[in-house]
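Encoded as structure tokens, the structure appears first; notes follow it.
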Amino acid sequence: MAEQPTTVGILQHQLSVMKKTFFLSVLFIFVLVACKEEPPKVDKTDPVDTKTELEEPAVDTKYRPFLHLFTSIHCGGCGRFGIPVSEKVADEMMDSIFMLPTHFKYNDVFINNSTLAIEKALVVTYHSPQLWVNKKEHTYDIINFSHEKAAEYLKTELRKELSTDPGVHMGLNYKLKENGRIDVALAIENAGNDSVTYYYEVYGMEDGLNEVQAGNTPYRRDHDRVNRGGHFGEMGKMHTFTANEKVVERFEYIPCLGCTPENLYFAVVTWKSLGNGRFAYVNGKVVR
């Protein structure tokens with residue numbers, strides 16, 4: 001007859017099982033801790049994020065009178081007169097003025113929403129070419145001049161405007177990114193002591209765009225200072241500035257289809273609404 005386990009024997013057996021279970025649990029935890037990967041050590045001498053934000057641009061306090069050409073590649077008068085005269089003036093006066101051509105007629109390949117907005121805001125009569133100094137058109141005053149005489153006339157008119165109150169001070173920095181987009185930092189500062197509402201826009205610009213240009217005989221030429229589109233849209237972003245207020249904007253400019261991002265530079269312009277959809281130039285600056 002088998003010997004029956006006593007109560008003491010049962011307790012001793014249970015205690016032995018508990019000891020083994022505890023030992024195995026401790027061993028399991030120890031193995032887990034020992035096998036756990038340590039987090040990678042960060043070398044604090046290396047920057048975690050190599051991206052750098054563009055610095056706030058310094059504002060330029062200079063006023064630049066506005067030389068504006070309304071043109072088209074399909075306009076014979078533009079090819080014979082408007083383009084060569086305006087480019088001669090802009091090349092000779094350089095950074096002392098602000099030059100902006102606007103393509104606006106005959107299904108020109110350089111027309112875009114930005115140029116259409118400028119056309120709607122400024123053009124009164126639809127002949128071309130049109131050569132403006134600030135808000136006054138001078139085309140018919142100089143249309144019968146030689147290129148040299150017409151250029152001298154326009155330079156005289158522009159010089160008359162050099163002492164104009166700047167209205168706003170402007171600055172812009174930009175940097176091309178690996179994805180072909182461009183980081184932009186923009187600063188607009190009210191130069192006056194009164195509250196005023198302005199519209200400001202940043203236009204991507206490109207040189208050396210080769211197209212057939214109408215003239216006495218159609219010919220191919222490189223078109224410079226081509227407006228490739230504004231960032232904010234229409235005539236720009238509206239802001240009511242308090243006295244001497246400065247606004248800083250940072251944004252990503254997306255080049256148009258067909259644009260060459262490496263070739264783009266920028267023109268920043270401040271406009272003032274005259275009501276009924278009409279606008280006037282306040283100040284402008286080209287940043288290359």
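Each of H239, H169 was scored by other Cβ atoms within 10 Å of its Cβ. Arranged with the fewest first, they read H239, H169.
How would you rank 194-203, 77-86, highest first, on the average number of other Cβ atoms within 10 Å across their residues?
Working: 194-203: 18.4, 77-86: 21.8.
Order by mean packing, descending: 77-86, 194-203.
Among 208-216, 57-65, what's the highest-first ranking by average C-beta atoms within 10 angstrom per residue? List each step's numbers first, then the result.
Numbers: 208-216: 14.3, 57-65: 17.9.
Ranked by mean Cβ neighbours within 10 Å, highest first: 57-65, 208-216.
Taking the alpha carbon gyration tensor of region 66-287, what are the square roots of 5 times its eigenvalues, largest first, to the nearest whole Å? Intermediate values should be presented prior to the final figure.
Values: eigenvalues 152, 96, 47 Å².
In descending order the semi-axes read 28, 22, 15 Å.
Annotated for region 137-261: lysine pairs at least 8 residues apart or interchain, Cα distance under 23 Å, count 4.
All of the numbers you see were taken from the coordinates with simple rules; none came from a lab. Just so it is clear, the model here is predicted, and its values are computed rather than measured. Here the Cβ is made from the backbone with ideal geometry for all residues, glycine too, and neighbour counts use every protein chain on show.
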